[in-house]
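Working notes, structure below.
The values are calculated or read from the model by the stated rules, or taken from the named source; none is laboratory data. Please read these numbers as outputs of a predicted model, since none were measured by experiment. Here the Cβ positions follow ideal geometry from the backbone for every residue, glycine too, while neighbour counts run over all protein chains shown. Just the protein is used for accessible areas: all its heavy atoms, side chains included, with ligands, DNA and RNA removed. Shrake-Rupley method; radii C 1.70, N 1.55, O 1.52, S 1.80 Å.
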Amino acid sequence: MRKNIIKEKSYEFALEIVQLSKVLNKSHQFVLSRQILKSGTSIGANVEEGIGGQSKKDFRAKMSIAYKEARETHYWLRLLKDSDLIPAKHGNKLIGECHELKSILGAILVSLNKSIGN
């Protein structure tokens, strides 16, 4: 069976986001913790839904949502890092992983748009 890179990477990223959320909760950053937890775990959830979709259009719709959630997560990570709520090294690592997810999802969407049209 072939490995699904976006499925694996989005799941691993979600696990890291859950851990980050725990740390933020301990420092009483409840609002930011909730925001990053929702958007960061939603990426993988939408990828999973898309994989189980009923059509290519359904798959594209879920990948589009996952891409938007990745963009939002990227924003929250930058905000957390730049406001010194998380260490720069950890923030940069997560931002890099999020950027990679955005790139993969973007490539998937470009390919889908070519094959099934806009």
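Scanning the stretch 1-22 for residues that are of a type outside the set (Asp, Glu) and surrounded by 15 or more Cβ atoms within 10 Å (Cβ to Cβ) yields Ile6, Lys9, Ser10, Tyr11, Phe13, Ala14, Ile17, Leu20, Ser21. From the list Lys62, Lys93, Lys81, the one residue that fits, being assigned to a helix (DSSP H, G or I) and either open to solvent by 50 Å² or more (accessible area, probe 1.4 Å) or of a type in the set (Gly, Ala, Ser) (or both), is Lys93. For the stretch 32-42, the condition of being at pLDDT 95 or above, more than 23 Å from Ile108 (Cα to Cα) and surrounded by fewer than 18 Cβ atoms within 10 Å (Cβ to Cβ) holds for at least one residue. Of all residues in the stretch 109-118, those satisfying the criterion of being open to solvent by 40 Å² or more (accessible area, probe 1.4 Å) and part of a helix (DSSP H, G or I) are Val110, Ser111, Asn113, Lys114, Ser115, Ile116. For the stretch 1-56, filtering for residues that are without any contact (Cβ under 8 Å) to a residue 40 or more places away in the chain, more than 19 Å from Leu79 (Cα to Cα) and more than 16 Å from the chain's Cα centre (by Cα) leaves 7.
Scan the stretch 1-41 for residues that are charged (D, E, K, R) and closer than 19 Å to Asn92 by Cβ and jot them down. Hits for the stretch 1-41 are Lys9, Glu12, Glu16.
Criterion first (open to solvent by less than 40 Å² (accessible area, probe 1.4 Å), out of contact with any Pro (no Cβ under 9 Å at 6 or more places or on another chain), over 20 Å from Val23 (Cα atoms) and assigned to a helix (DSSP H, G or I)) does Leu101 satisfy it? Answer is yes for this residue.
Table: residues versus (1) out of contact with any Lys or Arg (no Cβ under 8 Å at 6 or more places or on another chain); (2) of a type in the set (Phe, Trp, Tyr); (3) over 18 Å from Ile5 (Cβ atoms).
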| position | (1), (2), (3) |
| --- | --- |
| Leu79 | yes, no, yes |
| Ala88 | no, no, yes |
| Ala107 | yes, no, no |
| Ile116 | no, no, yes |
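Those residues that are of a type in the set (S, T, N, Q) and assigned to a helix (DSSP H, G or I), I need them from the stretch 33-59; list them, please. Within the stretch 33-59, Ser33, Gln35, Ser39, Thr41, Ser42, Asn46 qualify.
Which residues, counting only those in the stretch 1-22, are modelled with pLDDT under 95 and farther than 23 Å from Leu105 by Cβ? Within the stretch 1-22, no residue meets the criteria.
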